[in-house]
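Okay, structure first, notes after.
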Amino acid sequence: MTFTKLTALAMTSALASTAAFAESHEDRSDWPESFTVGTASQGGTYFAYGSGWANLVAEELGLTGGGEVTGGPMQNMALVHTGEAQFGMTTMGPAAESLQGTNPIAPGLQMTNACAMFPMYQTPFSITALSSSGIMSVADIPDGARIGFGPAGSTSDTYFPRMMEELGVNFERRNGGWSDLGGQLQDGLLDVIAFAAGVPVPAVSQLEVQTDVNIIEFTEEEQAAIMEAFPVSAFEISADIYTTLEEPARSVSMWNFAIANCDLPESFVYAVVDVVMSDNERMMNIHRAARSTLPENWDKNTVMMWHPGAARWFTENAGAEIAADMIYGDM
């Protein structure tokens, strides 16, 4: 199982920052010297968001660390479970499937050594087409349309094809990185891209600059049908997210969580969570999706065991009441 390094690992020699942190975390003897965060493909929110918080943590804690391009949530669960990546990011659906042993990367393997670390944001499911295509609704998608669903095994690729089938859309399935699919849409090689990513999706923002696009919302009936069939909730994409939108777009969403290998030192994970969750403004500067990266959203995890270090941070700083049997090692 391999994944390609895209960004150089961030390093810092800021002794003042390291020394200041060490005052409250004196014993770092069991901490790793470096770490990686499994993200997803370029052009998607996972890569921008994940690389950003990886670099922030590396700088604040005086460690070597950075984001890695991966196949997304399903592969991240596998990488973190095996320890090939210390950290990663996933959505609740792929996390549940991985814990049940139905992750297509390793069928039958229950990936119980990946623990919840902190809430990230909701992933809306949205559809984009070129304005020139005339596609303005799901009903307008032509029979046999070429739809790009993102990287194979991603949240989008796992759930969006099923959603389209639920809505009676007949399509030809295409996979690839978000930036690549955006280019194919612009070149007329795809009819539609079905995005499942935190908004704004970088690839969509780039398309808006280069051409005219339609961001297609679900009807109330379509939204209700999808919510009944899949582990998602109602969501509205705010009109200020994209220049194309003049009013909020009806969608559905699934929560994302950062994950940690369950065997990482408690104090290390506590420190990482503290860096990310203690200053939301810094996270917002990394990506606007971080508007939901807030301590009070700890309760959105109903699937994974909590890493002890993360559980302690949310208990001490967010008033979280996490059941003992939901904390790794406390069962």
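Worth a mention:
- Coarse-grained scattering of segment 22-117 at q = 0.11, 0.21 Å⁻¹, given as base-10 log I(q)/I(0) from a Debye sum over alpha-carbon atoms: -0.34, -0.99
- Dipole magnitude (debye, nearest 20) for the chain, charges at Cβ of Lys, Arg, Asp, Glu: 600 debye
- Using a probe of 1.4 angstrom and keeping all protein chains present, the accessible surface of segment 35-174 works out to 28 square angstrom per residue.
- For the chain, DSSP calls about 65 percent of its internal beta bridges antiparallel.
- Tail fraction, Cα-Cα pairs, the chain, threshold 39 Å, whole percent: 13 percent
- Percent of C-alpha pairs per 5 Å bin, segment 175-331, short to long: 1, 8, 14, 16, 15, 15, 12, 10, 6, 3, 0
- Across the accessible surface of segment 144-230, with the other protein chains kept in place and a 1.4 Å probe, carbon and sulfur atoms take up 41 percent.
- For segment 131-186, the alpha-carbon radius of gyration amounts to 1.11 times the rule-of-thumb value 2.2 N^0.38 Å expected for a compact globular protein.
- Given a 1.4 Å probe and the protein chains as shown, ARG250 ends up with an accessible area of around 60 Å².
- Across the protein chains, with a 1.4 Å probe defining accessible surface, the residues ASP30, ASP279 rank ASP30, ASP279 from largest area downward.
The values are calculated or read from the model by the stated rules, or taken from the named source; none is laboratory data. In this text the structure is predicted, and so the values were computed from the model without any measurement. Here the Cβ is made from the backbone with ideal geometry for all residues, glycine too, and neighbour counts use every protein chain on show. Keep in mind that these areas ignore ligands, DNA and RNA; they rest on the heavy atoms of the full protein, side chains included. Shrake-Rupley method; radii C 1.70, N 1.55, O 1.52, S 1.80 Å.
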